[in-house]
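Have a look at the structure below before the remarks.
Rule-based calculations on the coordinates, nothing more; no lab input. None of these values were measured; they are calculated from a predicted model. Cβ coordinates were reconstructed from backbone atoms using ideal geometry, including for glycine residues, and neighbour counts include every protein chain displayed.
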Amino acid sequence: MIELLELGWRGHRHLLSMDQFSRKDVEDILFFSRKLAPYSGEGAVFSYLMGRWLKPLFFETSTRTLDRHTSAIQTMGGGYNTPLNPENSTMNDKQEKEMDIVIDAAQSSDILAIRHPKSGSVSEFAKVIDNLKNNKARIISCGDGPNEHPTQTLLDFYTVMEGLGTLDSLIWLIVGDLEYGRTVHSLVKGITKFSNNMVVGFPVGGLQLPQQYRPDGYKEFDLAMLPKIIGNVDFNSKIVLYATRVQAEKIARKRDRLYDAYDKEAKQKIQSDIYQEFRYQITPGILDVAPHQTKLLHPLPRGDEISDEIFLSHDTKISPIKQMRYGIQVTMAYLALFSGLEERLHEPEKYLIKQPVRFKS
Ligand code: NCD
């Protein structure tokens, strides 16, 4: 018997932007992520995506986002094809066109997880795939240049729900590189789907949130004001303090057209100078005066904006390590949803082919 599954989820074949989701969509993704949580990272295997292949196409580097996709697809019973390594691919020595690499991947894989340094590029690839005959591949955007990184927002939201129990009536203090940080752009788009939130930006060194991403009522202050503002909000408020890395490589590219042609050492030097120029840190003093229901999030990678001491501390206000862990179940959920398996996600136990293994602690 041939099974008929929906291509994509709720009218969207691909996952490209936070714009495509309603509040209910986001809530449902988080709901199914929570259902899968007991199995994530626990050695469980489901039959949900058995026979399905994921192709990681990272035209730009990645650590966590790549790993959570390969872990998630395997936990769901599928497999993944060799992740693209641009330096080691036919793009490098045979000038193969990126588009052809994407089309090729769409022949051998069901889901393409794509990250690319150019804004809008992932949507362009999606249009190409849509025009192919008899092709069923779905694209998950893992970041398009400085534009958006929607799946990071989903796991950021999951972390906030776990920590504060709601995505309404929160104060969001967003710190760092608001201009080039794509996780911030998807985050603010996502926040506007919920009610009664206040979004305040603290850009470092003039890296302000571009106009097109600004939500209604958005305010921006000098970073020096952060301790005063966080120390003076109502002590019963729920706060998300969202710190971000300065996107040194993107700033360098903007400042110097030749940047990509430099050798590794020269690039690292340019980047360190930019990090120094825009250096900031979330100090213990800021966290001390913050209301008790404050959660510090960071999409990672981090520079000096969060010290090792704070990062590794067990203080309940510190969430970046939790964000990393939650990433897997959220990824499992949207991979299954975009594969047309929503109905089946209600009963994970039924589709479990290998029980989780837990260690005694
Ligand atoms: C981010 C990205 O790639 O946009 N990383 C991630 O996926 N968690 C953040 C960054 O690079 O600063």
Residue list for the range 194-230, restricted to those being in a helix (DSSP H, G or I) and within 16 Å of the ligand (Cβ to nearest atom): Tyr213
Of all residues making up the range 1-39, the number that are in a helix (DSSP H, G or I) and charged (D, E, K, R): 8
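Would you confirm whether or not the range 84-97 contains a residue that is of a type in the set (Val, Ile, Thr) and touching a residue at least 12 places away in the same chain (Cβ under 8 Å)? Even if it seems obvious, please write down each step before you answer.
Residues of the range 84-97 of a type in the set (Val, Ile, Thr): 90.
Still in the running and touching a residue at least 12 places away in the same chain (Cβ under 8 Å): none.
Looking for residues that are of a type in the set (Val, Ile, Thr) and touching a residue at least 12 places away in the same chain (Cβ under 8 Å), one finds none in the range 84-97, hence no.
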The range 244-281 - residue that is of a type in the set (Lys, Arg) and in a helix (DSSP H, G or I) and, of those, nearest to Leu300 (Cα to Cα): Lys250
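For the range 46-102: of the residues being aliphatic (A, V, I, L, M), within 27 Å of Pro348 (Cβ to Cβ) and within 16 Å of the ligand (Cβ to nearest atom), which is nearest to the chain's Cα centre (by Cα)?
My answer is Leu66.
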Considering residues of the range 231-252 that are within 24 Å of Gly206 (Cβ to Cβ), in contact with a strand residue (DSSP E or B) (Cβ under 7 Å, 6 or more places away or on another chain) and not polar (S, T, N, Q) only, the residue nearest to the ligand (Cβ to nearest atom): Arg245
Subset of the range 136-168 [within 9 Å of the ligand (Cβ to nearest atom) and aliphatic (A, V, I, L, M)]: Leu155
Those residues of the range 301-317 which are closer than 19 Å to Glu162 by Cα and within 16 Å of the ligand (Cβ to nearest atom), in sequence order: Phe311
Extreme residue, farthest from Ala243 (Cα to Cα), among residues of the range 173-183 that are outside any loop (DSSP other than H, G, I, E, B) and under 17 Å from the mean Cα position of the chain (by Cα): Arg182
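Mind telling me which of the residues Ile111, Ile171, Ile129 ends up being surrounded by 24 or more Cβ atoms within 10 Å (Cβ to Cβ) and either closer than 17 Å to Thr192 by Cβ or away from the ligand (no atom under 16 Å from the Cβ) (or both)?
One residue alone meets the criteria, Ile111.
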Failed item in (1) assigned to a loop (DSSP other than H, G, I, E, B); (2) exposed (fewer than 15 other Cβ atoms within 10 Å of the Cβ); (3) in contact with a strand residue (DSSP E or B) (Cβ under 8 Å, 6 or more places away or on another chain), with Phe359 passing the rest: (3)
Residue in the range 59-78 that is free of Cβ contacts under 8 Å to residues at least 12 places away in the same chain, touching a helix residue (DSSP H, G or I) at 6+ places or on another chain (Cβ under 9 Å), under 23 Å from Met161 (Cβ atoms) and of a type outside the set (Gly, Ala, Ser) present: yes
Enumeration of residues in the range 282-293 that are in a loop (DSSP other than H, G, I, E, B) and more than 16 Å from the ligand (Cβ to nearest atom): Thr283, Ala290, Pro291, His292, Gln293
